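See below for the structure under consideration.
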Amino acid sequence: MYQTFQPHPDLESLVNCYWTLEVPAEDDPQRQRIIPDGCLEMAFILGDDIKRYVSQDEFILQPRAMVLGQTIDPYYIEPAGYVNTFAVRFYPYGFANFISQPIKELANKETSLDLLFGEISAKTLEQKITRATNTEQRIECIEEFLFGKLNDESTIDNIVKTTIDALLTSKGKAPINSILKHDISKRRQLERKFLKQVGVSPKQLGKVIRLQSALKMLLNEETESLTSIAYKSEYYDQAHFIKDFREFTGISPGEFLGNRNMALSSLFYK
C-alpha cells in the first residue's frame, strides 16, 4: 500500500510530501525499474533490505537511512522480502536548505544520512524513526529534525525557485529563455545555481517534469493515442515523445504498460 501525507505548513514550500510504502514479501520478487521524478528523497527502510542493481547481475544493498539524489537514468531495485519504507519527498530546490554539501554530489546515487548530518545526529534520527509506532509519530520526528536543520528560507535563491515554479506550473513545457524573459544573460548563472541547489540542469529537470505529465496521461488512460499524448505534452512530434520516454525509462511507451518491472513506478505516477 502506498500513501502520501502533507507536511507542516512551514515546510510545504520545501517538502512535497511524506510517503509510505508497504508490500508483503513475495516468493518470487521482481526487479522494479525506477524512473526519474525530478525530486530528492530522504528514505528510511523499515522492512527487509532492498537491492539496487549497478549492472545486470551486480547489486548493492541500499542504506537503511539515506538520501536519494537527483537521478537522470532509470535503475532497478529488488526487495529482499517485506517492504516497509517511510520517506520524505523534497521539491527540487528544497533539500539544499538542509545541508552544506553541493547537491550535485548526491546525484545518481544513494547517500547514507551519516555522511550528510554526522554519525550521532543521523543515528539518533534513524532510531527515532525506527522506534516510532506509526506514521504520525514518524512525521513528528522528521519534522522536528528538519526544523532544527532548516536554514533561513531566504537562502533559496529567487532565480532558481522562480524557474522551478515556472517548470512545475507549465508541466515542464516552459522554455528556459521564456522563463528568464528578456534577461537571457542570466542563463549561464542559472545553470550554475541549478547545479548547486538542484543537482541537474534546468533543461534536464524540465524534461523530467514534462515526462511525468505524459506518464500520468498514459497510465490513467486520459487519451487513446501516443500522438495525442505528445500533442498535449507539447512534444514536437510522437517520435520526440518516444525518444524522451526511452531516455528516462529505458523502454518505449508500449513496453511500459503492463510491464511487471514497472509496477512500482506505475504506482507512484497514478
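The values are calculated or read from the model by the stated rules, or taken from the named source; none is laboratory data. For clarity, every value in this text was computed on a predicted model and none was experimentally measured. Cβ placement follows ideal geometry from the backbone for every residue including glycine, while neighbour counts extend to all protein chains displayed. Each accessible area value is taken on the protein alone, full model and side chains, heavy atoms only, with ligands, DNA and RNA left out. Shrake-Rupley method; radii C 1.70, N 1.55, O 1.52, S 1.80 Å.
Side notes on the structure shown:
- Residue pairs meeting the criteria (Cβ under 9 Å; at least 6 apart or on separate chains; first in contact (Cβ under 8 Å) with a residue 60 or more places away in the chain, in the stretch 234-245; second part of a helix (DSSP H, G or I)): E234/R210
The rows are residues; the columns are (1) over 14 Å from the mean Cα position of the chain (by Cα); (2) exposed (fewer than 15 other Cβ atoms within 10 Å of the Cβ); (3) modelled with pLDDT of 90 or more.
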| residue | (1), (2), (3) |
| --- | --- |
| D37 | no, no, no |
| L40 | no, no, yes |
| I45 | yes, no, yes |
| K51 | yes, no, yes |
| F90 | no, no, yes |
| I103 | no, no, no |
| D114 | yes, no, yes |
| I120 | yes, yes, yes |
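- For the stretch 122-139, a residue qualifies if it is of a type outside the set (S, T, Y) and either exposed (fewer than 15 other Cβ atoms within 10 Å of the Cβ) or modelled with pLDDT under 95 (or both), and the qualifying residues are K123, Q127, R131, N134, E136, Q137.
- Applying the condition of being more than 15 Å from Q238 (Cα to Cα) and aliphatic (A, V, I, L, M) to the stretch 206-221 and asking which residue is surrounded by the fewest Cβ atoms within 10 Å (Cβ to Cβ) yields L219.
- Condition broken by R246, with the remaining ones in (1) in a helix (DSSP H, G or I); (2) open to solvent by less than 10 Å² (accessible area, probe 1.4 Å) satisfied: (2)
- Of the strands (runs of 3 or more DSSP E) lying entirely inside the stretch 44-94, those carrying at least 3 residues that are over 17 Å from E126 (Cα atoms) and touching a Phe, Trp or Tyr at 6+ places or on another chain (Cβ under 8 Å) are 50-53, 75-79.
- Only one of the numbered conditions (1) touching a strand residue (DSSP E or B) at 6+ places or on another chain (Cβ under 7 Å); (2) without any contact (Cβ under 8 Å) to a residue 40 or more places away in the chain; (3) among the charged types (D, E, K, R) is violated by E110, and that is (2).
- Tabulated pairs, the stretch 249-263, first at pLDDT 80 or above, second part of a helix (DSSP H, G or I), C-beta under 7 angstrom, 6+ apart or interchain: T249/F256; S252/I242; S252/F245; S252/R246; P253/L218; P253/L226; P253/I242; P253/F245
- All of I142, I60 fail the test of being in contact with a strand residue (DSSP E or B) (Cβ under 8 Å, 6 or more places away or on another chain), surrounded by fewer than 17 Cβ atoms within 10 Å (Cβ to Cβ) and either among the hydrophobic types (A, V, I, L, M, F, W, C) or under 17 Å from G199 (Cα atoms) (or both), apart from I60.
- Residue in the stretch 23-31 that is surrounded by fewer than 18 Cβ atoms within 10 Å (Cβ to Cβ), modelled with pLDDT of 90 or more and under 20 Å from the mean Cα position of the chain (by Cα) present: yes
- For first residues located in the stretch 186-201 and modelled with pLDDT of 75 or more, partners that are open to solvent by 80 Å² or more (accessible area, probe 1.4 Å) and lie 6+ apart or on another chain with Cβ distances below 7 Å form the pairs L195/K104; K196/K104; G199/K104.
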